[in-house]
Amino acid sequence: TQELHIVGGGMAGSEAAWQAANAGVRVVIHEMRPKVETFAHKTGNLGEMVCSNSFRSDDDEQNAVGLLHWEMRQANGLIMATADRHRLPAGGALAVDRDPFAETVTATLMAHPNVSVSYEEVTALPEDGNWIIATGPLTSSALGAAIQAETGAEALAFFDAIAPIIYAESIDMSKAWMQSRYDKGETEEERTAYLNCPMDKDQYEAFIDALLAADKTEFHEGETAGYFDGCLPIEVMAERGRETLRFGPMKPVGLTNPHQPDVKAYAVVQLRRDNALGTLYNIVGFQTKMKYGAQTDVLRMIPGLEEARFARLGGIHRNTFLNSPTLLDAQMRLHSKPHIRFAGQITGVEGYVESAAMGLLAGRLAAAEIIGAPMPDLPQDTAHGALVHHITGGAEAKTFQPMNVNFGLFRPLDGMKGGRRGRKDRYKAYTDRAKSAWSDWLAAQTSVLA
Ligand code: FAD
């Protein structure tokens, strides 16, 4: 039988190993810890949680992360089963006791007859065999360099610079309007690719005051070592001068507000479409290290965004990730070396749960390929499907930044009403649709995977 090699025994690598091993494939996990350390990991355990001990919401009817939990449990996921076993009381969230959690993940994999672990750093891209690379946000520098040599420097980032992402439907279009600067673009779609929110002088001054006063997070010790090349957070731009943003991402030129054609805006915040579905918009140039609570308060001061709902908040972190929309196929294989799959945070998803979910998929897909059994197509209307579709095809490649799972990634449902009540019904309908598609997909594999 052929072996599957998995580089990295974190959230994604552990789950991938479990899924493939259960399908009858022999798996070797290559993990560099504890020999080679990262600035965030503290142990040599597989499945170590590097920061918070939360897998976020466990609500599988109204929350997209909760839906991912549900799908992973249905697929006999190791990360979810272990999280459930070491669950701590935390209201609607799934919090876990981190050390016993990682110890159980490690012991369970070590006890599996099809799994072995080799404690070593992998420093080059393998030329043959079946591989999954799941080395995470802190991929070692030697392997990072090897990946960059394969993909080109532009296609592998070492920091993310995440601007907040907003649900399009929550933007007040009686204040905002669609227009590209100087109406640039060949097509009507391009000429209206941006959504603009105008500010007068008082609003701008109040916004700058709030930015300067907001609580910020700091980089961890060791996080920026030799890397961060300065994609400035908006609050740092504001610190450099009260006018800096007005001459930078908030410049008001080349735009006319159809709601007030005679009034020249003092500053304009621009949002850009973030996915092909047009359900998500990011705020252009607004990467920030403001704390989450402060971000929502400050950003809702922007005219048109008073009621904004956020699909994800901004951040800047040390984070090694691929430009997956250009590099990976729908099965997470590298176009240029299809014997190598990527999984986990390095594919441009963000978070423990999303990373483990991408490991679950990669493990199953790799196992099916090794066994030589055709895998039924993954339905896009599942949480796994929506997320993998986003990173490998739905997202804008040019501005690609890591993504959390959220309902904005799901194909819209026909005929569902807006508003708060409507939203509850819609989320329930999304999760119902996903559960049924996921169950069918798993059932169709029983003949494929053992
Ligand atoms: P990891 O879990 O990091 O696993 C990757 C593994 O690969 C590691 O064990 C590493 O040692 C190993 N490895 C790396 N390079 C090599 C190599 N060359 N050879 C062999 N092995 C290698 N997510 C959250 O959901 N909540 C949080 O609070 C949170 N906080 C974070 C804080 C920090 C400082 C960082 C860096 C990330 C944080 N994340 C958080 C993101 C989190 O890291 C991911 O969600 C998750 O751990 C990613 O899973 P993964 O399997 O892709 O990577």
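Given the C-alpha centroids of the stretch 263-295 and the stretch 1-16, what is the distance between them in whole angstrom? The stretch 263-295 and the stretch 1-16 have Cα centres separated by 37 Å. Take the Cβ atoms of MET178 and LYS201, set R0 to 25 Å, and the FRET efficiency comes out at 0.55.
Counting only DSSP beta bridges with both residues in the chain, the antiparallel share comes to about 65 percent. Here's the picture: a label point sits 7 Å out from the Cα of GLU121 along the beta-carbon direction, and within the stretch 28-45 the residues with their amide nitrogen under 20 Å of it are 29-45.
Around ALA357, under 9 Å between beta carbons, what's the net of Lys plus Arg minus Asp minus Glu among the other residues? Write out the running numbers ahead of the final one.
On the way: positive: none; negative: GLU15, GLU71, GLU354.
Around ALA357, the surrounding residues sum to -3.
Here the dipole of the chain is about 640 debye; that uses its Cα centre as origin and unit charges on the Cβ of Lys and Arg (positive) and Asp and Glu (negative). At full extension, LEU413 and THR43 could sit 128.7 nm farther apart than now, given 0.36 nm per residue minus the alpha carbon distance. Compute the Cα gyration tensor for the stretch 174-255, then decide on rounded, prolate or oblate, letting a ≥ b ≥ c be the square roots of its eigenvalues: rounded whenever a/c is under 1.5, prolate when a/b is larger than b/c in the other cases, and oblate in all that remain. Note, shape of the stretch 174-255 comes out oblate. Taking 0.36 nm per residue of separation and subtracting the Cα-Cα distance, full extension of the segment from SER141 to GLU396 would add 89.1 nm. A straight Cα-to-Cα reach below 13 Å connects LYS201 with the aspartates and glutamates ASP209, GLU243, residues fewer than 8 places away in its own chain not being considered. Which of rounded, prolate, oblate describes the chain, given a ≥ b ≥ c as roots of the alpha-carbon gyration tensor eigenvalues and a/c under 1.5 marking rounded, otherwise prolate only if a/b is larger than b/c? Because a/c hits 1.5 or more and a/b exceeds b/c, the chain counts as prolate.
When each of SER336, SER355 is scored by the number of other beta-carbon atoms lying within 10 Å, the sequence from fewest to most is SER336, SER355. Here the gap between LEU88 and VAL28, fully extended at 0.36 nm per residue and compared with their Cα-Cα distance, gives a gain of 18.4 nm. Each Lys or Arg adds one and each Asp or Glu takes one away; over the other residues whose Cβ falls under 12 Å from the Cβ of GLU218, this sums to 0.
Quick one: order ARG364, ARG272, ARG341 by neighbouring beta-carbon count within 10 Å, fewest to most. Mind showing how you got there, number by number?
Numbers: ARG364 25, ARG272 18, ARG341 28.
With the fewest neighbours first, ARG364, ARG272, ARG341 line up as ARG272, ARG364, ARG341.
For the residues THR446, THR139, what sequence is obtained by ranking on other C-beta atoms within 10 Å, fewest first?
Values: THR446 8, THR139 27.
In increasing order of surrounding Cβ atoms, one gets THR446, THR139.
Applying the criteria of a DSSP loop state and at most 12 other Cβ atoms within 10 Å to the GluC sites (Glu not before Pro) of the stretch 69-178 yields GLU120, GLU127.
Pick out, in residue order, every one of the chymotrypsin sites (Phe, Trp or Tyr not before Pro) in the stretch 85-156 that is DSSP loop and has at most 15 other C-beta atoms within 10 Å; say none if there are none.
Details: sites: PHE101, TYR119, TRP131; in loops: none.
Taking the stretch 85-156 and a limit of 15 other Cβ atoms within 10 Å, no loop chymotrypsin sites (Phe, Trp or Tyr not before Pro) are found.
Once you order the gyration tensor axes a ≥ b ≥ c over the Cα atoms, which shape class does the stretch 309-450 get: rounded for a/c under 1.5, otherwise prolate or oblate by comparing a/b with b/c? Oblate, because a/c is 1.5 or more while a/b does not exceed b/c. Amide H contacts of VAL25: none lie under 5 Å away among residues 5 or more positions distant or on a separate chain (H built 1.01 Å from N in the peptide plane; Pro and chain starts excluded). Cross-link list LYS184/LYS264; LYS289/LYS398; LYS42/LYS289; LYS35/LYS337; LYS337/LYS398; LYS291/LYS435: which exceed 31 angstrom alpha carbon to alpha carbon? Flagged as over cut-off: LYS291/LYS435.
Across the stretch 342-359, coupling constants 3J(HN,Hα) worked out from phi with the 6.51/-1.76/1.60 Karplus curve, θ = phi - 60°, read 10, 8, x, 5, 5, 7, x, 9, 9, x, 4, 5, 4, 5, 4, 4, 5, x Hz, and Gly and Pro carry x.
Separation of the stretch 167-194 and the stretch 347-408, taken as the distance between their Cα centroids, equals 29 angstrom. Considering only alpha-carbon pairs that sit under 8 angstrom and 6 or more positions apart, the relative contact order computed for the stretch 1-76 is 23 percent.
Rule-based calculations on the coordinates, nothing more; no lab input. Note that the structure is predicted; figures quoted are calculated from it, not measured. Every residue, glycine among them, receives a Cβ derived from its backbone with ideal geometry; neighbour counts consider all protein chains shown.
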